[in-house]
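Just below is one structure, and these are the notes that go with it.
The values are calculated or read from the model by the stated rules, or taken from the named source; none is laboratory data. Since the model is a prediction, treat every value here as computed from it, not as a measurement. Here the Cβ positions follow ideal geometry from the backbone for every residue, glycine too, while neighbour counts run over all protein chains shown.
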Amino acid sequence: MKIARVIGNVWSTKKKEGIHALRLLLVEPLKKDLTPEGGVIVAADDEVGAGGGEIVLLPQGSPAMTAV
């Protein structure tokens, strides 16, 4: 798992059938001291309702694929 800060939303006019209800967020990975690690990731938010500036956990690998 990684920690990240929400920095924006992704707007899409079309999405794959299985993810049409998910919100897509732009997140910036963070180091342990909460400084930016570099790069930006698109993350799916199903139930949390995370907003701009909030710190979130990013599951990776198998847990991330089964979460949707």
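Please go through region 20-68 and pick out each residue that is in contact with a Leu (Cβ under 9 Å, 6 or more places away or on another chain), charged (D, E, K, R), at pLDDT below 85 and loosely packed, with under 14 Cβ neighbours inside 10 Å. Once the filter is applied, which keeps residues that are in contact with a Leu (Cβ under 9 Å, 6 or more places away or on another chain), charged (D, E, K, R), at pLDDT below 85 and loosely packed, with under 14 Cβ neighbours inside 10 Å, region 20-68 yields only D46.
For (1) in a helix (DSSP H, G or I); (2) aliphatic (A, V, I, L, M); (3) more than 12 Å from I55 (Cα to Cα), each residue gets a yes or a no:
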residue: I3; (1), (2), (3): no, yes, no
residue: K14; (1), (2), (3): no, no, yes
residue: G18; (1), (2), (3): yes, no, yes
residue: A21; (1), (2), (3): no, yes, yes
residue: L24; (1), (2), (3): no, yes, yes
residue: V27; (1), (2), (3): no, yes, no
residue: L34; (1), (2), (3): no, yes, no
residue: G39; (1), (2), (3): no, no, yes
residue: A44; (1), (2), (3): no, yes, yes
